[in-house]
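For reference, the structure discussed in these notes is given below.
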Amino acid sequence: MGQEPQQQDLAARLRGSGPLGIAAVVLVLGGNLIFAGLSAIGVLIWAWLAEIPLADLGLKTPRSWVGTIALGAALGIALKVAMKAVVMPLLGGPAINPAYHFIAGNTAVLPAIILTMIFVAGIGEEILYRGFLFERLRRLLGESRVATAAIVVGTTLLFAAAHIPEQHLAGAQQALFVGFAYAMMYLLSGTLWLGICAHAAFDLTAVAMIYFNLEASIAHSIFG
């Protein structure tokens, strides 16, 4: 019984914008510098300690799992094809993604890559960049239209910047477009699951393009 007030005080400080709350955000964001996916684990640990319902992070049960998965998959696939065939060629991006070209024809790496795209990228990145950061910034800035626009812009820019070290400018440009799309999916659906399904489908489509050596042909399919 004596520990309950202390636990409540800790939870309140972790939820707040004081030194402990800021330190928690920094630690969570820094997790991916150690290994990919650690930040998402950090979000879940933080939510448990701060007594934040997972629904507040966007992990609400969708109205229809089948509908959400089907729509998310369709959006993700369409978005990847559009980025590869239209947007990136217009931006002067490379036809082949050099950071992941090792996947081409490489069956041995497929299981690890597929799991990474689903759990680290699809689930992990959405929990971090949309769920966690939206919750933190909404508490700080509010939920007005201006605040929401600022949150969408800020989180999208951060998501894009996170892709620079591995995928350089082209990766950041692509992440800027798709990060905005995932943010809008979250806002319009009220749940992360649509964006999670779309994000996973987008990355898995990218893997399929690389594995089957389709990148160049798709990239040149419209503009030559």
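The values are calculated or read from the model by the stated rules, or taken from the named source; none is laboratory data. Worth saying up front: this structure is predicted, and the values here are computed from it rather than measured. For neighbour counting, all protein chains shown are included, and Cβ atoms are generated from backbone atoms with ideal geometry for every residue, glycine included.
Numbers below:
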item: Where S217 falls short, out of the listed (1) surrounded by 14 or more Cβ atoms within 10 Å (Cβ to Cβ); (2) part of a helix (DSSP H, G or I); result: (1)
item: Failed item in (1) touching a Gly at 6+ places or on another chain (Cβ under 6 Å); (2) crowded, with 19+ Cβ neighbours inside 10 Å; (3) in contact (Cβ under 8 Å) with a residue 24 or more places away in the chain, with H163 passing the rest; result: (3)
item: Filter result for T191 (farther than 16 Å from I77 by Cα and in the same structural domain as A85 (by TED's automatic domain parsing)); result: yes
item: The range 113-133: number of residues that are buried (at least 23 other Cβ atoms within 10 Å of the Cβ) and either out of contact with any helix residue (DSSP H, G or I) (no Cβ under 9 Å at 6 or more places or on another chain) or among the charged types (D, E, K, R) (or both); result: 3
item: Residue list for the range 108-159, filter: out of contact with any Leu (no Cβ under 8 Å at 6 or more places or on another chain), free of Cβ contacts under 8 Å to residues at least 24 places away in the same chain and assigned to a helix (DSSP H, G or I); result: A108, V109, P111, A112, L115, L137, R138, L141, R145, V146, A149, V153
